[in-house]
1. For segment 45-75, enumerate the residues that are β-branched (Val, Ile, Thr), at pLDDT below 85 and in a helix (DSSP H, G or I).
2. May I ask you to list the residues in segment 335-363 that are of a type in the set (S, T, N, Q) and crowded, with 20+ Cβ neighbours inside 10 Å?
3. When you check residue 117 against the structure, is it over 21 Å from residue 361 (Cα atoms) and either out of contact with any Cys (no Cβ under 9 Å at 6 or more places or on another chain) or surrounded by fewer than 24 Cβ atoms within 10 Å (Cβ to Cβ) (or both), yes or no?
4. For residues in segment 364-408 being part of a loop (DSSP other than H, G, I, E, B) and free of Cβ contacts under 8 Å to residues at least 60 places away in the same chain, which is surrounded by the most Cβ atoms within 10 Å (Cβ to Cβ)?
5. Regarding residue 208, is this residue modelled with pLDDT under 80, surrounded by fewer than 22 Cβ atoms within 10 Å (Cβ to Cβ), assigned to a loop (DSSP other than H, G, I, E, B) and not assigned by TED's automatic domain parsing to the domain that holds residue 366?
6. Six or more apart or on different chains, Cβ under 7 Å: which pairs go from a residue in segment 34-58 that's more than 15 Å from residue 120 (Cβ to Cβ) and in the same structural domain as residue 119 (by TED's automatic domain parsing) to one that's small (Gly, Ala, Ser) and in a helix (DSSP H, G or I)? Could you list them?
7. I'd like the full set of residues that are crowded, with 20+ Cβ neighbours inside 10 Å and either in a helix (DSSP H, G or I) or polar (S, T, N, Q) (or both), limited to segment 184-205.
Amino acid sequence: MKSPEQSTTKKQQNTVHWVVTIAAIALIFDGYDLVVYGTIVPTLLNDPTQLGQIGPATAGVLGSWALLGVMVGALVTGAIGDYLGRRKIMITGIIWFSVFMGLTALAPNIVAFGALRFATGLGVGALVATAGAVVAEFAPKGKRNYYNAIVYSGVPVGGVLASVLAIVLMDHIGWRGLFFIGATPLLFLLPMALVKLPESPEWLMARGRTEEAQRASLRTGVPIAAPAPTQVTNALETEPANTKIGFRALASRKYALPTLLLGLMSFAGLMLTYGLNTWLPQIMSQFGYGKSYSLVFLLVLNAGAVVGGLIASVGADRIGAKRVVSTTFFLAAVAMILLTMHLPFGILLALVAVAGVGTIGTQVLIYGFVSNYYNSAARGAGVAWCAGFGRLGGIFGPLIGGLLIAAGVQNHVAFYVFAAVAIVGAMVTAFVPLRNSETQLPASPSARTLIAK
């Protein structure tokens, strides 16, 4: 017969697996949405009967509308997420994203398409900003970075999925069919979330809903996290307990400086992520690698991010995310400098994989770092701030790469610029103050008695 402790552990494992699965699938479709547009651009440029006459400049603007929507969606989520709860925001994000992906497939013209891409981005931003907070409040303390890496690795996985499905299905279902695929979470992920995604006991406790938090803790097996007032490891932990919620908490003396630095880290990470995903094939083509290599380089970049990010996340749980993020930023810089040298193709692919770990993989680790840095009252806003402010880096990355290439600079200069951004990211990470220590407190005996009754 199982002891109460074994039963609780089993409940927690089951809850965590469902939460991680739901969040990961949501971000797979987020990644799908952000990449699928790039796969259909040639069709829109070459066939005016689809949406109308579209030139390269208009195509670029249409692409940026989705990123702008992600930024706005993340920041809005940060303003309300810590008040409304994780479950409501996740479910709303899934519905919103799916509905507008489906409506985009029916867009009759350029204006409608752009507006619907922006609206879809709002849902993407909500999911990206909330997923980290959900994982941080359900995952066991020693595996938070690992589970976070699994969830946020869904973004590059979704990008690969979009590329593969476009190659296989574009000729059969057209670009509208690809967008309808992006709406399918409404059919299977939403019911899954409604049944299997609970509200965070830690969030309920932070909002003063103690009895609900204790019931949720017993039902899910997830212990309620609380700050340890007797542990003081740095200046941040000598502050009085923070009772402010959401963005007000981020502006407090306790979190203001870390929030600025964490935002700059995310800015650098997303600048590298979008810059390389956009321009790596073009830069490598100047080294003599033709279009047939484009997919290979992008697949290796994203595969390296997924595999390397998961491995690095284990180290982050053991020695701290701050050290690991600084290291992966530095590795990205080294890899991009070495990519400018005339090395054998196999070595180049290995360096591209390392660059993927240091750019896309680093951004995955940053989300985990941020999710675990804040207490429950500020966690949603903190992740949202980094996802939203960082998205500006995602906009500037492709822009800077395009300006460099348009200016006719030598191909290695772009790599040097991106390497410099990675070094700045490593330096910023080094200055982030140590975060608060937390302990896991089990639900009280009175709570167990209450549920038993």
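The values are calculated or read from the model by the stated rules, or taken from the named source; none is laboratory data. Keep in mind it's a predicted model, so treat the numbers as computed, not measured. Cβ sites come from the backbone with ideal geometry, for glycine too, and all protein chains shown count toward neighbours.
1. Here is the first cut: in segment 45-75, the ones β-branched (Val, Ile, Thr) are 49, 54, 58, 61, 70, 72.
Still in the running and at pLDDT below 85: 49, 54, 58, 61.
Passing the criteria: 58, 61.
2. Passing the criteria: 359, 362, 363.
3. Yes; evaluated as a whole, the condition is true for this residue.
4. Here the answer is 407.
5. In short, yes.
6. Short answer, once both residue conditions are applied: 39/162; 39/163; 39/166; 41/59; 44/59; 45/59.
7. Those that are crowded, with 20+ Cβ neighbours inside 10 Å and either in a helix (DSSP H, G or I) or polar (S, T, N, Q) (or both): 185, 189, 193, 200, 201, 202, 203, 204, 205.
The rows are residues; the columns are (1) within 20 Å of the chain's Cα centre (by Cα); (2) among the hydrophobic types (A, V, I, L, M, F, W, C); (3) modelled with pLDDT of 80 or more; (4) more than 22 Å from residue 367 (Cα to Cα).
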| position | (1), (2), (3), (4) |
| --- | --- |
| 145 | yes, no, yes, no |
| 168 | no, yes, yes, yes |
| 216 | no, yes, yes, yes |
| 241 | no, yes, no, yes |
